[in-house]
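The values are calculated or read from the model by the stated rules, or taken from the named source; none is laboratory data. These numbers come from a predicted model, not from an experiment. Glycine gets a Cβ as well: all are built from the backbone with ideal geometry, and neighbour counts include every protein chain shown. To get the accessible areas, we keep the full protein, side chains included, count just its heavy atoms, and leave off ligands, DNA and RNA. Shrake-Rupley method; radii C 1.70, N 1.55, O 1.52, S 1.80 Å.
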Amino acid sequence: MNQDFMFTSESVTEGHPDKLCDIISDAVVDHFLQQDPYSRVIAECALSTAIVFIAARFESRAIIDFSNIARQVISQIGYDQNAFNSKTCSIITSLREQPYDGQDFFDEKNLSDEDIERIPAKNQVTVFGFACNQTPSLMPLPIWLAHKLSRKLTSARLQRTLPYLAPDGKTQVGVEYKGGRPFRIHSIAVIASQNISASSGGPGMNRLEGDIREAVINSVFQDEEIKPDNDTRIFVNPDGPFILGGPAIHSGLTGRKNAIDTYGEYSRHSGAALSGKDPSRIDRIGAYAARYAAKNVVAAGLADECEVMLSYSIGLSRPVSIQVETFGTGKMPDKEIASRIERHFDFRLAGIIRQFNLRQLPSTNKGGFYRKLAAYGHVGRMDIGLPWEVTDKIGMLK
């Protein structure tokens, strides 16, 4: 990448239809694992005006009320308008229950290393993990700031600082880089949906822009090292009032926001959805393991930026390829970093599940676990104790 450039990343709030689908899908996963930690489940969701569709394939001893889970999520996120709410929306399900024969059952906590070696990946995928030293969470600055703005937009609604806001919203931040480092904030865009129109007593555009600047943008950048300057372009609902938003305006689908879930396009990501899959899916947990490795490399000072690529094939327990790219910032050759990663990180399916305790997390976290990942990123989170965000391999890598 050119050393002088401008890069933008976007985020969306939990009320965005795509995120609403992700949250419903992951809430289903949480409910399965809370009742039966060894459940196998893939859940996908689509929604539009007054309609929610859930498709799921599962093998489990759990008893799940899919419709009730969806209605709870919709209500908790705050959709109570006539156009879309938890009580009146139609919920359609397409469910396929697999016979629970225990053939693929394994308890990773009690397995030897030889046993783990014999447990293969069940699907093929190439996943990516990334880290850089631009932010405290070792995430790229554009997606870090976009997520902060989205979270603040939601908290301003929930805390009634801006009580007229509706759940749907999106943000975008453009950052100028010089010499490969963040230099200034080029642009900020905030799209906020409103419950009521200006003509019926809601805020006009002038008030909305002032409120968003004060309660959201200024608040987010208060403690940031790089702040907007006089030349930063700030847009608040540039197309005019955004009334209601959500499924009443545009449809949603599980897995359609992969860039928002990961690195905001600053680094590569797999095309596979992360939400709606139990921990036996390597296309989900492999991405977490790759982030874990990349973050430890940067935290150890071996590179300023690091991308880890893992390629898995069906029937094999280990990645068939482990590649590292440090974009010229490595303090040693990329091949040496890759070699150290391969020695000190376990990228096998059962090894990852055991390392991160992925089956038990929904039961040990109040309100579930995976649904909390569905909005504001699966990686780089500092508000949740994610096991793949721990930098406990620094000494080994050095």
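How big is region 218-313 by the Kirkwood estimate over distinct Cα pairs, in Å?
Numbers: mean 1/r = 0.0579 Å⁻¹.
Hydrodynamic radius (Kirkwood, Cα only) of region 218-313 equals 17.3 Å.
Let me spell out the model: positive unit charges on the Cβ of Lys and Arg, negative unit charges on the Cβ of Asp and Glu, origin at the Cα centre of the chain. What dipole size does that give, in debye rounded to 20?
Values: 45 positive and 47 negative charges, 62 e Å.
Charge dipole of the chain: 300 debye, to the nearest 20.
Would you mind working out the accessible area per residue for the chain, using a 1.4 Å probe, and quoting it in Å²?
42
Test of understanding: extend the Cα→C-beta vector of Asp231 to 7 Å, then name every residue of region 163-187 with backbone N under 13 Å from that spot.
Hits in region 163-187 for Asp231 at 13 Å: 176-178, 183-187.
Explain nothing, just the number: relative contact order of region 196-338, from Cα pairs under 8 Å at least 6 residues apart, as a whole percent. Intermediate values should be presented prior to the final figure.
Details: 119 pairs, mean separation 17.2, N = 143.
After rounding, I find 12 percent.
Quick one: what do you get for region 6-127 if you divide its Cα Rg by 2.2 N^0.38 Å?
Here the answer is 1.30, to two decimals.
Could you work out the Rg to Rh ratio of the chain, with Rh taken as the Kirkwood radius (inverse of the mean 1/r over all Cα pairs)?
0.98
Search the structure for amide H atoms under 5 Å from the amide H of His186, placed 1.01 Å from N in the peptide plane, and list their residues when 5 or more places away or on another chain.
Answer set, sorted by chain and number: Gly174, Val175, Glu176.
Which Cys residues of the chain have no other Cys Cβ less than 4.7 Å away and so no disulfide-compatible partner by this rule?
Isolated Cys, the chain: Cys89, Cys132, Cys306.
Just report the Cα centroid separation between region 140-216 and region 61-115, whole Å.
Measuring centre to centre over Cα atoms gives 32 Å.
How high is the relative contact order of the chain, in percent, counting Cα pairs under 8 Å that sit 6 or more residues apart? Working shown, then result.
Values: 869 pairs, mean separation 104.3, N = 398.
Contact order relative to length: 26 percent.
Which aspartates and glutamates, if any, have their Cα less than 12 Å from the Cα of Lys295, not counting same-chain residues under 8 positions apart?
Cα-Cα hits under 12 Å: Asp304, Glu305, Glu307, Glu389, Asp392.
Full extension from Glu342 to Asn85: what is 0.36 nm times the residue separation minus their Cα-Cα distance, to one decimal in nm? Working shown, then result.
Numbers: separation 257, 0.36 × 257 = 92.52 nm, distance 4.87 nm.
Working it through step by step, the gained length comes to 87.6 nm.
With all protein chains present, how much of the accessible area of region 24-148 (probe radius 1.4 Å) comes from carbon and sulfur, to the nearest whole percent?
Roughly 47 percent, rounded to a whole number.
In percent, how large is the relative contact order of region 259-389, given Cα pairs closer than 8 Å and 6 or more residues apart?
The value is 26 percent.
Taking 0.36 nm per residue of separation and subtracting the Cα-Cα distance, what length does fully extending Asp104 through Glu117 add?
3.3 nm
Please report the antiparallel percentage of the DSSP beta bridges confined to the chain, to the nearest 5.
75
Give a residue-ordered list of calculated ³J(HN,Hα) values for region 3-12 (Karplus: 6.51 cos²θ - 1.76 cosθ + 1.60, θ = phi - 60°; whole Hz; x for Gly, Pro).
Each residue's phi maps through the Karplus curve to give 6, 10, 7, 10, 10, 10, 9, 10, 9, 9 Hz.
Could you order peptides 167-173, 326-332 by the average number of other Cβ atoms within 10 Å of their residues, highest first?
So the order, starting with the most tightly packed, is 167-173, 326-332.
Considering the options Pro241, Ser94, Met332, tell which one lies farthest towards the positive end of the dipole of the chain, charges being +1 on Lys and Arg and -1 on Asp and Glu at the Cβ, about the Cα centre.
With unit charges placed on the Cβ atoms, the residue in question is Pro241.
Mind giving me the nanometre distance, one decimal, between the label points for Thr161 and Met332, set 7 Å out from Cα along Cα→Cβ?
Label-label distance for Thr161 and Met332, simple model: 4.5 nm.
Select from the chain the helices, each a whole stretch of DSSP H, whose alpha-carbon atoms run 20 Å or more along the helix axis and whose Kyte-Doolittle mean is at least -0.5; answer none if there are none.
17-35, 141-158, 282-299
If every alpha-carbon in region 174-244 counts as one equal scatterer, what log10 I(q)/I(0) does Debye give at q = 0.12, 0.15, 0.22, 0.24 1/Å?
With one equal scatterer per Cα and no solvent, log10 I(q)/I(0) is -0.39, -0.56, -0.95, -1.06.
Compute the FRET efficiency between Ala50 and Glu97 as 1/(1 + (r/R0)^6), taking r as their Cβ-Cβ distance and R0 = 30 Å, and round to the nearest 0.05.
0.65
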